[in-house]
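Worksheet: one structure, shown below.
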């Protein structure tokens with residue numbers, strides 16, 4: 001009701017000013033005084049009205065537990081061990097263990113850092129205060145430091161009421177804890193960080209307050225915040241491996257009607273490089289696809305379409321001219337053929353449906369997750385990147401601008417080879433001369449280009465014939481593509497045998 005009285009009062013003030021103006025009174029002094037009063041009330045330094053609006057340190061009840069989070073078994077184990085120190089107070093006291101003050105969750109976006117923090121609060125039964133690093137920093141001196149003091153004071157009060165402690169979770173903590181000295185215009189960032197350091201140092205052993213931070217830019221954090229006694233542990237929250245992706249898929253597909261052809265293990269293999277957020281979006285998009293078809297179950301095709309949408313975006317309404325579609329088909333088939341030659345069963349699908357910025361796409365699915373790459377494997381990836389452009393050149397006699405990103409990928413892989421000591425230069429320093437680096441990159445790409453041209457020559461007829469099929473179907477699944485390719489390879493082998501026999505007959509004559 002107070003909100004309505006406030007609006008009525010504001011309306012009455014404006015009405016009085018209007019009528020006074022109508023009777024000839026000078027109302028400008030009144031307007032200036034009222035404007036100055038409103039400004040001082042809302043924006044005066046030290047008065048944290050803005051902080052009250054954004055709600056720094058909201059106290060929320062958490063229902064998420066560690067069983068609801070998949071793909072992060074190592075991170076969960078490390079986090080639970082740290083939380084057990086707070087739960088097993090007597091045992092930690094006997095062993096002389098100092099309770100941890102802070103835990104930093106570091107990893108790529110979408111890997112579940114916020115979920116882990118919420119599960120941590122639920123695991124200990126603690127009060128949970130959630131804030132973002134950007135909520136602390138203002139242009140007015142002292143406001144950020146005051147907000148840090150306020151959230152810690154709120155945590156202490158809740159810990160005394162709760163008896164089980166309080167968890168302060170600061171997301172995007174790199175905004176608040178960036179290395180000091182980076183912001184030369186004013187010292188508000190540094191003052192806010194200094195206050196956080198003081199508050200974390202002041203956490204007593206009996207206060208049962210744990211600070212959790214989350215960041216994907218640990219490299220820019222101030223060293224002072226990372227030392228033991230502040231953030232005692234740094235828990236790496238990485239992209240999930242194959243088993244982790246399978247676990248996440250099980251969680252998000254629970255209760256959803258799946259068709260018999262949906263193999264979650266195979267889907268987990270094909271989702272290499274997906275974060276937990278990507279997988280959740282994948283399952284949701286697959287369900288949306290089923291809804292569009294007015295079906296009651298989610299099929300494998302729904303998941304296949306969803307993968308392309310998550311990676312590239314929605315299908316475009318605009319359709320390129322037939323000549324461009326044919327060139328795109330030739331281009332993508334070049335990638336697909338070389339991918340199968342480099343690594344069998346690596347192609348998951350080939351499509352010429354325009355999505356996002358891509359007119360076509362070859363989706364690859366590695367048989368197993370890779371963390372290290374040999375020289376041969378990197379060269380194979382370079383060949384796959386170059387094959388699209390050289391396939392166009394083989395069929396049409398020229399390349400197109402559609403190969404720009406492929407050449408960038410090939411150059412990036414070649415540079416990685418050089419800096420990893422896998423080129424003819426041997427082990428090199430990161431300060432290698434730019435001219436020497438560029439020369440070696442071009443040498444690698446040109447050598448692999450010669451090999452790609454030679455190998456694609458034998459598949460010229462296959463690429464032209466299969467392009468006709470893919471223009472009609474718009475998409476070929478990996479198994480279908482491999483079947484067509486296998487039949488062509490068998491035909492080539494028979495032709496080679498006939499040619500060899502003819503050669504022997506000529507020699508015998």
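The values are calculated or read from the model by the stated rules, or taken from the named source; none is laboratory data. Fair warning: this is a prediction, and the values are worked out from it, not measured in the lab. Here Cβ is always computed from backbone atoms with ideal geometry, including for glycine, and neighbour counts include all displayed protein chains.
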Task: Filter pass, residue 412 being crowded, with 16+ Cβ neighbours inside 10 Å and within 22 Å of the chain's Cα centre (by Cα) - done: no
Open item on the list: Can you tell me which of (1) under 17 Å from residue 481 (Cα atoms); (2) modelled with pLDDT of 85 or more; (3) out of contact with any strand residue (DSSP E or B) (no Cβ under 9 Å at 6 or more places or on another chain) is the one residue 325 doesn't meet?
Closed with: (1)
TODO: Give, as residue ranges, the helices (runs of 4 or more DSSP H) completely inside segment 71-130 that count at least 1 residues that are touching a strand residue (DSSP E or B) at 6+ places or on another chain (Cβ under 7 Å) and in the same structural domain as residue 227 (by TED's automatic domain parsing).
DONE: 73-87, 113-124
Task: Criterion: assigned by TED's automatic domain parsing to the domain that holds residue 380, more than 18 Å from residue 376 (Cβ to Cβ), touching a residue at least 24 places away in the same chain (Cβ under 8 Å) and assigned to a helix (DSSP H, G or I) - qualifying residue of 467, 414, 410 - done: 467
TODO: Look through 421, 449, 433, 426 and report the one residue that is in the same structural domain as residue 375 (by TED's automatic domain parsing) and under 18 Å from residue 384 (Cα atoms).
DONE: 449
Task: Conditions (1) surrounded by fewer than 12 Cβ atoms within 10 Å (Cβ to Cβ); (2) at pLDDT 70 or above; (3) more than 41 Å from the chain's Cα centre (by Cα); (4) part of a helix (DSSP H, G or I): number failed by residue 3 - done: (2)
Task: Any helices (runs of 4 or more DSSP H) falling wholly within segment 178-275 and containing at least 2 residues that are modelled with pLDDT under 90, under 27 Å from residue 120 (Cα atoms) and over 20 Å from the mean Cα position of the chain (by Cα) - done: 188-201, 223-226
- [ ] Just need a number here: residues in segment 334-393 that are under 18 Å from residue 460 (Cβ atoms) and in a strand (DSSP E or B).
- [x] 1
Task: Sole residue being assigned to a loop (DSSP other than H, G, I, E, B), surrounded by fewer than 24 Cβ atoms within 10 Å (Cβ to Cβ) and at pLDDT 85 or above, chosen from 174, 153 - done: 174
TODO: For segment 309-317, state whether one or more residues are touching a helix residue (DSSP H, G or I) at 6+ places or on another chain (Cβ under 7 Å) and touching a residue at least 40 places away in the same chain (Cβ under 8 Å).
DONE: yes
TODO: Considering every residue within segment 447-457, establish whether at least one is at pLDDT 85 or above, within 30 Å of residue 305 (Cβ to Cβ) and outside any loop (DSSP other than H, G, I, E, B).
DONE: yes
Open item on the list: Whether any residue in segment 287-299 is touching a helix residue (DSSP H, G or I) at 6+ places or on another chain (Cβ under 9 Å), under 24 Å from residue 345 (Cβ atoms), buried (at least 17 other Cβ atoms within 10 Å of the Cβ) and without any contact (Cβ under 8 Å) to a residue 40 or more places away in the chain is what I want to check.
Closed with: no
